Structure formats: C-alpha cells, structure tokens
Amino acid sequence: MIFFAHIGPSAWLARRLGSWLAPETVFDLKALTAVSLCAILPDIVDKPFFYLGLYPAHTGRLWGHTLLFSLAWCLACRFRLKALWPWALATPGHLILDGMWDRPHTLAWPVLGNYFDEPPMYFPSHKDYWVWLYHNDPLVLAGLVLGDLTGLVLFAAAAWPLAAPALGRWLPAAARGRPRTSPPR
C-alpha cells in the first residue's frame, strides 16, 4: 500500500468513530495529524531499515509490522500519551490494510520465531518492484493505485470540514456559492 491508502481510511474512520471511542476528544487538525502519523507509524519504523540496508532482509515489514509493536504502542498511548489514545488505533489498522495475516511470522514475531517472513520475490530496489508490476501484474498495480486514490478521497472527506472554514476566507465569493452583488455584463 502507498501513503494515502493508509492515512485515508484511518482519518475517515477516526472522524466518524473518534467521539464514540473517546467522547472527550475533538477531531481537529491536531487529531488529523496524530491519526495520520499513527496510520503510517509501522512504515516510519520499518522502511529506513529496508531502504538503508540496515537489516539483512528483502522486506520493508519488520518490527513495526508486528502485533507486539502495535499492542505496545496502543498501551503506551492509553496509559502514558492519553491525548493520542483514540488515534493510536490507526496503527493496528495499518496491519489490516497491509494484509499482514499473509506473513504470520512477521505478524506474530517473536512468538512464531525470531525471524521475519521474506517476500515471495526479491527486487533489488523499490523501483524494480513497480516496473515488474507494470509489466507482469497490472491488476495488482491498478489495485494499489486505486487504493491510494480511494484513500486520498477518504482523507479529503475527513479533512474538508476542518479546511473549509479556513479556505472560505481565501476563495472568491462566487466560489463559495454567494451571489454577485452586481449583475454580470
């Protein structure tokens, strides 16, 4: 999955369910930022190890993509970082969106063993993966792109009520739906 495919559904669900999970919280710009960061936290933790070659694996799904990490993060937010509590649930949501049940050794690390599942194919770089998808599996590529576009729409739906008042000051009156004061010539 790509960037918006994670933060879009998480932000939209947080906007809809946040007050139900924690009635004292308000979904504002800080909450949108928090849920967005929590939604991509497993990638923030794992991708540097993959891209910089700091871990001898050919996958970008390591410790951040484990149930142990998600549980530890949610518990830390519940008892220590209370302002992040309802938004921290986006982190286990990331595992669902990534379909981590297909990689049980990574998901249940270290219970099933002290190693991570390797991807079914090895690609020397991220670019090679995208080129391979383009030539060999365009349906998966289309699914990834559509997932990201859907996430962008969901993120916009969650963010629009926060952005609309600020944008209203900058948009011309005609764009805000107000009638013109003088007739057009």
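Since every read-out is calculated from the coordinates, none of them should be taken as a lab result. Just so we're clear, the structure is a prediction, and the values are computed from it rather than from any experiment. Methodologically, a virtual Cβ is constructed for each residue, glycine included, from the backbone with ideal geometry; neighbour enumeration extends over all protein chains shown.
The table for this structure:
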quantity	calculated
Under DSSP loop assignment and at most 14 Cβ neighbours within 10 Å, longest chymotrypsin sites (Phe, Trp or Tyr not before Pro)-free interval of the chain	1-114
Hydrodynamic radius (Kirkwood) for region 1-100, which is based on Cα pairs only, to one decimal in Å	13.8 Å
Projected label distance in nm at residue 22 and residue 128, using a 7 Å step from Cα toward the beta-carbon	4.3 nm
Residue-averaged 222 nm ellipticity for the chain, from DSSP H runs of 4+ at -39500 (n - 2.57), nearest 500	-19000 deg cm²/dmol
When the convex hull of its Cα atoms is projected in every direction, mean area for the chain (nm²)	15.5 nm²
In region 61-93, trypsin sites (Lys or Arg not before Pro) in a DSSP loop with at most 12 other beta-carbon atoms within 10 Å	80
Length gained when the stretch residue 80-residue 55 is fully extended (0.36 nm per residue, less Cα-Cα span)	6.0 nm
Stretch gain in nm, segment residue 139-residue 152, where the contour uses 0.36 nm per residue and the Cα spacing is subtracted	2.7 nm
